[in-house]
1. Please pick out the residue among T181, T147 that is open to solvent by 20 Å² or more (accessible area, probe 1.4 Å) and either modelled with pLDDT of 95 or more or closer than 12 Å to G111 by Cα (or both).
2. Could you go through segment 207-214 and let me know if any residue there is of a type in the set (S, T, N, Q), part of a loop (DSSP other than H, G, I, E, B), within 20 Å of A87 (Cα to Cα) and at pLDDT below 95.
3. Among the residues of segment 16-55, which ones are modelled with pLDDT of 70 or more, open to solvent by less than 60 Å² (accessible area, probe 1.4 Å) and within 24 Å of the chain's Cα centre (by Cα)?
4. When you go through A146, A177 one by one, which is the residue that is in contact (Cβ under 8 Å) with a residue 60 or more places away in the chain, outside any helix (DSSP H, G or I) and in contact with a Gly (Cβ under 8 Å, 6 or more places away or on another chain)?
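The values are calculated or read from the model by the stated rules, or taken from the named source; none is laboratory data. Remember, it's a predicted structure, so these values are computed and weren't measured experimentally. Positions of Cβ are backbone-derived with ideal geometry, glycine not excepted, and every protein chain shown enters the neighbour counts. Please note that ligands, DNA and RNA were not included when accessible areas were found on the heavy atoms of the full protein model with its side chains. Shrake-Rupley method; radii C 1.70, N 1.55, O 1.52, S 1.80 Å.
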Amino acid sequence: QRTTATAATGVRMAARAVPKRHRAAALAYFGGLATATAIALDEWLDLRKWRTVRHVLTTPVSVDMKLHTRVRAAEGEAGQGCVDWPAGRVLLQWAVDGGVPLRHGSVLEVGAGVGVTSIGLALAASCSSDAGGGGGSDGDPTRVLATDVCDSALANLHRNAAENEAPALLRVERWDAAGGTEAVRRLSRLVDPRTLTHVIGADIVSVPIGSGGGGGNAGGDGLEATLAALLAENPALRVTLLLFNRVSGGAVTALAGAAGVPEGGCTLDPALARFERRCAAHGLRACRSPVPEGCLRHVAE
């Protein structure tokens, strides 16, 4: 009992020894230290692996969906395909704003990921069909084939489609877009390429598909060869890829100048430049155009 009393007295004396004006600073310090430790542990152990995000479209049709997504990209292919990247939401808005018809269409999405574009487009087409009173003279609603090569992403995509009660207009399938004519042959098991009206994809060339970094074909017949083969079989096919230019010419030029290194004012992401070169090598011409301001405004609303 004496020992306990002495220890308690020591604690009280220590508390009195810290002036009141410093207690708040001490609490803030240790609170900040605890927060930093928690963040470090979260990064190291990946404690918060998943979360739910909500996407709402109000124009031209009303769509509300919730998606299961990783908090951050993890190492390996699962991290890339299970994250809700912003490009998918922008591509969806572009599609429903008129980029893809909600009727008479057959759409293939390459690298569908969490499904924000494919699921949203299928829901929008279904809403359009309901508003129009069915197929009738207006034609059948657009069908969407969502594809990915990552097994973890596909499992998550199936889950998101089911939880959002995606209509039968949407199919989720595994398809590797690398391989040129061989990839088209594999695709024909899922859909007749001649019936496709649109091919879409969001931010899918940062890691080249089929060049040893993003696909199953290490021989170099990547996405560009497959697009060329698809267009050879279906010349009326429209291919639209939403690709982000991650290079800011002004910033690059400023940093190079500060380092004393001559720099020609690079304004194009090397990944995009590589994609354009490979398209040209397969006889394709990549036409650049900015995302319409109205589309970006709708996304920001």
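1. Testing whether each residue is open to solvent by 20 Å² or more (accessible area, probe 1.4 Å) and either modelled with pLDDT of 95 or more or closer than 12 Å to G111 by Cα (or both) leaves just T181.
2. no
3. V53, H55
4. Only one candidate qualifies: A177.
To keep it simple, each residue is scored yes or no on (1) modelled with pLDDT under 95; (2) among the hydrophobic types (A, V, I, L, M, F, W, C); (3) under 16 Å from L196 (Cα atoms).
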site	(1), (2), (3)
G99	no, no, yes
V110	no, yes, yes
S126	yes, no, no
S129	yes, no, no
G133	yes, no, no
D138	yes, no, no
S152	yes, no, no
N160	no, no, no
